[in-house]
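Below: the structure, in structure tokens.
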Amino acid sequence: MASSSVEDSLAVELESRSDREISILRAAYHVMARSGSNRLNLQDIADRAGVSKGLILYHFQSKATVLQHAMQWALVETARRIRASLESADDPNDRLGPLLDAIFVSAQANRDFQLVYLDLIEHSVREDAFAELPAMTRGIIEALYADVVRAGVEDGVFAVDDVDEAALLMRVVIDGTFLQWLQRPDWEASHGAFRARCHALLADLLQA
């Protein structure tokens, strides 16, 4: 399954970064998941990454740049994990199972990703520095879902008239499922039940 041009471009950019820069992005992602971007400062990231605050600014110039690139890193890693899961699937007739296994990876990992994602989505509609985030997300996530739907249609697994529309609705279902799940006090215990609910909704949507 070929990756999108947006995903390829970001992957090339990430591969050009040093191990230290990637460790800073990873640290920024995890600190933001725990603290939120409004309470986060560069010293928090520096402490987790084991570097100086000055070194972060040397590589990334500003906190906004660090956060945006941290989300790029998270999106590319998520797309890679999903593609690897689909390519290693045993049953070609079951495309939803491997997809959701790769998306619903664990309660804590999903909670971290959704908190960072929602935090930066808010920034994207309020601050110009994050304005490219929605297009970047569409270019990676919706393109990936479109590839899944297209392959399923070609193999007779899915029955949809418009692949891109179906991919958009898949994202609506998956993002909406996570939004509801994230608000549950029993988010850890209910993770599997929400995965099953999402599977049923997608199967109905795609006439799987």
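The values are calculated or read from the model by the stated rules, or taken from the named source; none is laboratory data. Note that the structure is predicted; figures quoted are calculated from it, not measured. A quick note on method: Cβ atoms are made from the backbone with ideal geometry, for glycine too, and the neighbour counts reach across all protein chains shown.
Data table
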read-out	value
Residue in the range 112-125 that is free of Cβ contacts under 8 Å to residues at least 60 places away in the same chain, touching a helix residue (DSSP H, G or I) at 6+ places or on another chain (Cβ under 7 Å), over 14 Å from VAL148 (Cβ atoms) and outside any helix (DSSP H, G or I) present	no
The range 41-63, residues that are aliphatic (A, V, I, L, M), surrounded by 17 or more Cβ atoms within 10 Å (Cβ to Cβ) and touching a Leu at 6+ places or on another chain (Cβ under 8 Å)	LEU42, ALA46, ILE56
Members of the range 1-43 found to be at pLDDT 80 or above and over 16 Å from HIS69 (Cβ atoms), listed by number	ARG34, SER35, GLY36, ASN41, GLN43
Enumeration of residues in the range 32-60 that are small (Gly, Ala, Ser), on the phi < 0 side of the Ramachandran plot and in contact with an Asp or Glu (Cβ under 9 Å, 6 or more places away or on another chain)	ALA33, SER35, SER37
Members of the range 110-137 found to be of a type in the set (S, T, N, Q) and either at pLDDT 80 or above or touching a strand residue (DSSP E or B) at 6+ places or on another chain (Cβ under 6 Å) (or both), listed by number	ASN110, GLN114, THR137
Members of the range 172-197 that are acidic (Asp, Glu) and loosely packed, with under 13 Cβ neighbours inside 10 Å	ASP186, GLU188
ALA189 aliphatic (A, V, I, L, M), part of a helix (DSSP H, G or I) and either farther than 17 Å from MET71 by Cβ or free of Cβ contacts under 8 Å to residues at least 12 places away in the same chain (or both)	no
Conditions (1) more than 29 Å from TRP73 (Cβ to Cβ); (2) in contact (Cβ under 8 Å) with a residue 24 or more places away in the chain; (3) out of contact with any helix residue (DSSP H, G or I) (no Cβ under 6 Å at 6 or more places or on another chain); number of the one not met by LEU179	(1)
Filter result (surrounded by fewer than 17 Cβ atoms within 10 Å (Cβ to Cβ) and either under 14 Å from the mean Cα position of the chain (by Cα) or free of Cβ contacts under 8 Å to residues at least 40 places away in the same chain (or both)) within the range 154-170	GLU154, GLY156, ASP161, ASP162, ASP164, GLU165, LEU168
Residue check for ASP164: touching a helix residue (DSSP H, G or I) at 6+ places or on another chain (Cβ under 8 Å), within 29 Å of GLN61 (Cβ to Cβ) and either assigned to a loop (DSSP other than H, G, I, E, B) or not hydroxyl-bearing (Ser, Thr, Tyr) (or both)	no
